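Each remark here refers to the structure printed beneath this line.
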Amino acid sequence: MAKSKSRPKLLGVHWAIWLIFQIFFGAITGCIARIAKAHIISGILYLLTAGFFAIGWIVDIISLLIYHDYKWLWSR
């Protein structure tokens, strides 16, 4: 029996649901994602600057649409 490839999940949530949250609650969702991956300072700044003045919010949406993940955020 072949294993089925699991769909990408972000913090246990399917990427499409995460995308909807990102569109409507961008600064809060981006902050949660950053803090959950131990990017504390970045998460707090993201929240206080409303998604880095909306530029980061747009980048997050594009990243979720293309990669189904925050690939640029998680890479080190």
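A short reminder: the numbers here are calculations on the coordinates, not readings from a lab. The shown structure was predicted, so the numbers you read here are calculated from the model rather than taken from an experiment. Note that we place each Cβ from the backbone using ideal geometry, even for glycine, and neighbour counts take in every protein chain shown.
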FRET efficiency, 1/(1 + (r/R0)^6) with R0 22 Å, evaluated for I58 and K9 via beta carbons: 0.45
Anisotropy class of the stretch 13-52 from Cα gyration tensor, a/c 1.5 cut: oblate
Gain upon complete extension [I20, D69; 0.36 nm per residue less C-alpha separation]: 16.3 nm
